[in-house]
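What follows draws every value from the coordinates through simple rules; no lab data is involved. On a predicted model such as this, the values are computed, not experimentally measured, just so you know. Glycine also receives a Cβ, built like all others from the backbone with ideal geometry; neighbour counts cover every protein chain displayed.
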Amino acid sequence: MTIRPPLVWLCAGFAGMLLSACASSTKLPEGKLFHPVTTDGYPLSLEHFSAESNAQNKRFPVILCHGFMASRKYYKMNGSRSLAMQLQKQGYDVWLLDLRGRPDAGSPSLFYGEYTYDYNMDDYIHRDMDTAISFVMEQTGASGVNWIGHSMGGLIAYARIGSLGEERIKNLVTIGSPFLFETPTRNLNTWNALGNCSFLLPVLPMGSMARMERHSCISLSPDKYLMNMFWYPENLPEGMEGSMKEHTANNIAIGVADQFAAAVEDGEVKSEDGAINYTRNLKRVRVPVLVLGGRRDHLGSPYMLREIYESLGSEDKSLFIASRASGQSEDYGHTDLFVGTNAGEDVIPVILEWLNERN
């Protein structure tokens, strides 16, 4: 079973192109942009924000990696209050990573050309992460990096450290990252069962649809119940949902979608050929890890994160669930863990304090 949007969404998308724009653009902070190339010739994007000169420089730079259908830009969505800018103020050399297939390094073509959507999560794990870590260490002269991954950005870090023996990641923070699916939420199962026609498509056009919706007067999103898997709308600042659709939503390669769908069905994350069971190698992850999630998160649910936490081989590991019961202003969802209305007071300080103690 694969994650496949009904074709009616796509038809509605083309109709939306004909309508006038309904939203204005949001300007984001801009760093210096690099495009390192992977061993198989695919360009990535790394956006650099140097540590502020008046801050005490930290030991290791930070690489921030995005999730399943996102890009690096949501890490700077709240401007000076964003996770990226707060890390910069704390004295970290900050690098925002776009994995392959994101437009700033050149959008893949649908069928022909040098770059297409012919890749999967194994390519992220084996090639993109290696290229990004090597490039940042070469640029900074550091002996390792801190890795912060949201959703899939944390999932691929678990896989690389546990199954490939990655030693250059010295500290790991995962935000709402699923990695075993013995108890997937109803939202996730429903999303996974949508549609049956993606074999006709070269790519799942989720990013294209989101931008059409942002700049048209037609709602192209699936049922609100399903979209709540990605954020808790009541916990977002005004205009944030539209800004994320405009700046961060990305098309999904069929190989990535199918590999993730297989994980939901099997209960474990595996390589595409089944030769590597990434989930079972969680016990080999021994670097310091902060597992962070939200009470309302339907993708990386609190129960799932507790299982991941218990499975990690690290002696230095912490679990934090952002909720009212823990003293936060709201029960957090998936992406609002760092772009939420009060994330700058509720969640980001937890990440900064944990990293500072280890840098």
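Couple of notes before you dig in:
- Across region 251-260, rounded Karplus estimates of 3J(HN,Hα) from the backbone phi angles (6.51 cos²θ - 1.76 cosθ + 1.60, θ = phi - 60°) give 5, 10, 5, 4, x, 5, 4, 5, 5, 5 Hz, Gly and Pro being marked x.
- Those lysines that a straight Cα-Cα span of less than 24 Å connects to Lys89, excepting residues fewer than 8 apart in one chain: Lys27, Lys32, Lys58, Lys73, Lys76, Lys170
- Footprinting exposure proxy for Ser301, Ser45 (fewest neighbouring C-beta atoms within 10 Å first): Ser45, Ser301
- HN-Hα J in Hz across region 156-172 - Karplus 6.51, -1.76, 1.60, θ = phi - 60°, x for Gly and Pro: 5, 6, 3, 5, 5, 5, x, 9, 10, x, 4, 10, 7, 7, 8, 9, 10
- Exposure proxy ranking, count of Cβ atoms within 10 Å, fewest first, for Lys73, Lys170: Lys170, Lys73
- The loop-placed chymotrypsin sites (Phe, Trp or Tyr not before Pro) in region 88-129, going by DSSP, that have at most 10 neighbouring Cβ atoms within 10 Å of their Cβ come out as Phe111, Tyr112.
- Taking other C-beta atoms within 10 angstrom as a stand-in for reagent exposure, Lys58, Lys76, Lys27, Lys89 fall in the order Lys27, Lys89, Lys58, Lys76, fewest first.
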